[in-house]
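What follows is one structure encoded as C-alpha cells, with my remarks underneath.
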Amino acid sequence: MRPRIVYVHGSGPKPRAELLRAQWDRALFGRDAGNVSHLAYWAPVLRPATLPDTASDPLEGRPGAVAEAEAEAEAEAEAGPGSEAEDGAESSGAAGGPGAEVPARPALEDPAHFAARTAAAAAARTARTRSAGPGTGTGSGAAPAGAAGGAPLGAWLHGMTYLAEALALAEEPRPGRGAEPLPRALPLPRPARTALFRQLVRHSFEDVYTYFFGGVGPAVRQVVADALAAAADARDRDGGGPLVVVGHSLGSIVAYEVLASRDIPVDLFVTLGSPLAIREVQDLLAVPPAVPPGTRLWLNASDARDLVALDHTLRPEYGPPGRVTDLLVVNGSENHHGVCEYLADPLVREPIRRVLDRIA
C-alpha cells in the first residue's frame, strides 16, 4: 500500500509543473517524494506562460519577488496617472516606490468604487488572457451586473488593501533609544513591504474574482478533479493507502469546491493561507459551507498577518466542528503567505506525515 498527496497551488504566475511539485515536496518532506505526490496544475487556465526556472513566485514573498514588486511599482509610478484607466489595481501599487512616506492611494478610497474599478481591470485582463490562445477558460469576461454599485468580494478587497498599508507601517523598524538591531533582524523597509503586499493583494483578489466571475471556474475545477481522480486511482491500484489533499490560497477554494461536489475519500484535507473563512467568499461557493462528504479530518493553518486569510477560523462555519482544526502558525516569508513556509512549519508538516505514514 502506498499513500498519496495532492497539491493544489494558489493564485498568481507559477513555474512549470514539475518544478513547482518538487518545491512543495522539499518544503514538506525535505526531498522529492516521487510518485507519492501529485500536483493539480491549473495555472495555465489563467496564464499560459510559466515563470522561468530562475524567477521567484511573486506570492512566495522571497527577495526576488520583492525586487520584482518594487520594480513594477516604480514603472507604474513613472507611467503616471494615465495608466489607471487600463490597469486599475496595478496603478494603486505606485505608492510603494522608494522614498514614499505616505501611500498615494490610502485605504480610505470608497470600497465600492475600488472594488468595481479593480473588478473591471480583472475582467479586462481575463479577456486579454483568453484571446492569447486556447486553454484559458470560457465564458464572459465582463464585470458582473451591478458591479458599479458594489462588486462582490469588495469588502474583502478593501480589508486586504487596508491591512497591507497597516502591516507595512507597523512593521517598519523602530529601534528603541540607544538600541540598534542587527541588520539581519530588520524587516524590509516600508516601501518594499508596501510593494510586496500590494502585489499579493492584486494577484489574489484578481484571480479569485476571475475564478468566480471570469468563466474559468469550471476549467480550473476540472484540472483539480482530474488530479484527485488520478491520485485516488493510483492509490487504489497500490492497495489503498491514505490520501491527503493540500490547498494553498485560491487553491484551497478550488479543492474545497471539488471535494464538496464529489464523494472522494480523503483522510486529511489541509488548507493553507485560505480565504474560505471570509463571508464574501462563502457567499459565492456552490454549496453551503461544510466539511466535504468524503473528508475525515480538516486542518486549516494561517498566519495572523496573512492578508489572504483575513478570517482565520473555519470551524464555526464548516461543520461538523469536531472534524475541523484551525491553527495559527508563524509564516516567515516576507508577505506571510508563502506556501513553502507553511508546509515547513511543524504544526502543519507533522500531521501530514503522520497520516501518510499510516497504512490502514
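The values are calculated or read from the model by the stated rules, or taken from the named source; none is laboratory data. Bear in mind the structure is a predicted one, so any value in this text is a computation, not a measurement. Positions of Cβ are backbone-derived with ideal geometry, glycine not excepted, and every protein chain shown enters the neighbour counts.
Listing for the model above:
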item	result
Among the residues listed as D226, D263, the single one being surrounded by fewer than 21 Cβ atoms within 10 Å (Cβ to Cβ) and farther than 27 Å from C340 by Cβ	D263
Test: residue in segment 313-321 that is over 22 Å from L243 (Cα atoms), under 17 Å from the mean Cα position of the chain (by Cα), at pLDDT below 95 and not hydrophobic (A, V, I, L, M, F, W, C)	yes
Extreme residue, farthest from H337 (Cα to Cα), among residues of segment 275-321 that are surrounded by 21 or more Cβ atoms within 10 Å (Cβ to Cβ) and charged (D, E, K, R)	D303
Residue, nearest to the chain's Cα centre (by Cα), within segment 322-360, restricted to residues that are of a type in the set (S, T, Y) and surrounded by fewer than 22 Cβ atoms within 10 Å (Cβ to Cβ)	S333
Which numbered condition A255 fails, given (1) touching a residue at least 40 places away in the same chain (Cβ under 8 Å); (2) in contact with a His (Cβ under 7 Å, 6 or more places away or on another chain); (3) on the phi < 0 side of the Ramachandran plot	(2)
Test: residue in segment 285-303 that is touching a Lys or Arg at 6+ places or on another chain (Cβ under 7 Å) and part of a loop (DSSP other than H, G, I, E, B)	yes
Scope segment 308-354; condition part of a helix (DSSP H, G or I), touching a strand residue (DSSP E or B) at 6+ places or on another chain (Cβ under 7 Å) and either under 30 Å from S56 (Cβ atoms) or not assigned by TED's automatic domain parsing to the domain that holds D25 (or both); matching residues	V339, Y342, L347, V348, P351, I352
Selection from segment 233-273 of residues that are in a loop (DSSP other than H, G, I, E, B), closer than 24 Å to P44 by Cβ and either modelled with pLDDT under 95 or touching an Asp or Glu at 6+ places or on another chain (Cβ under 8 Å) (or both)	R262, I264, G273
Inter-residue pairs, beta-carbon under 7 Å, first under 14 Å from A286 (Cβ atoms) and in segment 215-230, second modelled with pLDDT of 95 or more and of a type in the set (V, I, T), 6+ apart	V220/V45; V220/V254; R221/V254; R221/V258; V224/V8; V224/V254; V224/V258; A225/V258
